Amino acid sequence: MTSPCDPQHAPVGDVGAALMVIDSQLKSVHDGKTGVDPEQRKLMDQFAASLGPKGANDLLDGACTLIYMFMTWLRKAHEEHEKDVIEYVVPTLVATMRMMPKSVSPEVIPTMAGLVVAAGTGLSPNLWRKQYGDWTEAEMTPLEATAFLLAEHINRITEDPDFATRMIADALSRSVDAD
């Protein structure tokens, strides 16, 4: 019996745009730019405004697909060492989010942890979240932070600052080639 949260039922969304957002954040942090860059924020706001409602939903679904793909990779990597991905990833993610009160309010941390647990157990994060109603504005930045933190975690594990981005870009390229 399949779950209503099975990834085969989930929209993939705009993974390329979501990856662009996360990659931009990764590069900024690696370049030592940890504060809010007004120019970059302005560009991101213009980009978001240009999407319209359907494009924004596609970006949201794309971010959830990234989280699913990152957690799938992390689950497989942890299983190779006979470790539980939930045990090793979720506490670190939650602790890091707790240190980011300007970006991630304490009220949304359980939702982000739930998304990661859902993805780590093979469920679609966006379908899991949908059970509890529509996304809220307060969840948008934490969702981006969740994808960013998972990508950074993968990059640290692999000791390659571009591994997570390259992994997704390669998967996107293979999916286009398959079509």
Margin query: Would you confirm whether or not the range 66-83 contains a residue that is assigned to a helix (DSSP H, G or I), open to solvent by 20 Å² or more (accessible area, probe 1.4 Å), touching a residue at least 24 places away in the same chain (Cβ under 8 Å) and basic (K, R)?
Written below: yes
Item checked: Test: V89 is in a loop (DSSP other than H, G, I, E, B) and open to solvent by less than 20 Å² (accessible area, probe 1.4 Å) -> no
Notebook entry, point to check: Filter the range 98-136 for residues that are basic (K, R) and over 14 Å from L149 (Cα atoms); which is least open to solvent (accessible area, probe 1.4 Å)?
Noted result: R129
Note to self: Could you go through the range 159-166 and let me know if any residue there is loosely packed, with under 13 Cβ neighbours inside 10 Å and modelled with pLDDT of 95 or more.
What the structure shows: yes
Item checked: Where a residue in the range 151-166 is within 22 Å of C64 (Cβ to Cβ) and its partner, wherever it lies, is in a helix (DSSP H, G or I) and of a type in the set (S, T, N, Q), with Cβ under 6 Å and at least six apart -> F163/N155; A164/N155
Next item on the list: Can you give me the number of residues within the range 27-60 that are open to solvent by less than 50 Å² (accessible area, probe 1.4 Å) and at pLDDT below 90?
Entry: 7
Item checked: Lone unmet requirement of (1) over 27 Å from P4 (Cα atoms); (2) over 14 Å from the mean Cα position of the chain (by Cα); (3) in a helix (DSSP H, G or I) for E152 -> (2)
Check: Given the structure, is A95 farther than 20 Å from T111 by Cα and open to solvent by 20 Å² or more (accessible area, probe 1.4 Å)?
Finding: no
Next item on the list: Filter the range 103-137 for residues that are in a loop (DSSP other than H, G, I, E, B), of a type in the set (S, T, N, Q) and closer than 15 Å to C64 by Cα and give the result.
Entry: T121, S124, Q131, T136
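The values are calculated or read from the model by the stated rules, or taken from the named source; none is laboratory data. What you are looking at is a predicted structure, and each value in this text was computed from that prediction instead of being measured. Every residue, glycine as well, gets a Cβ built from its backbone with ideal geometry; the counts of neighbours run over all protein chains shown. What goes into the accessible areas is simple: the full protein's heavy atoms, side chains included, and nothing from ligands, DNA or RNA. Shrake-Rupley method; radii C 1.70, N 1.55, O 1.52, S 1.80 Å.
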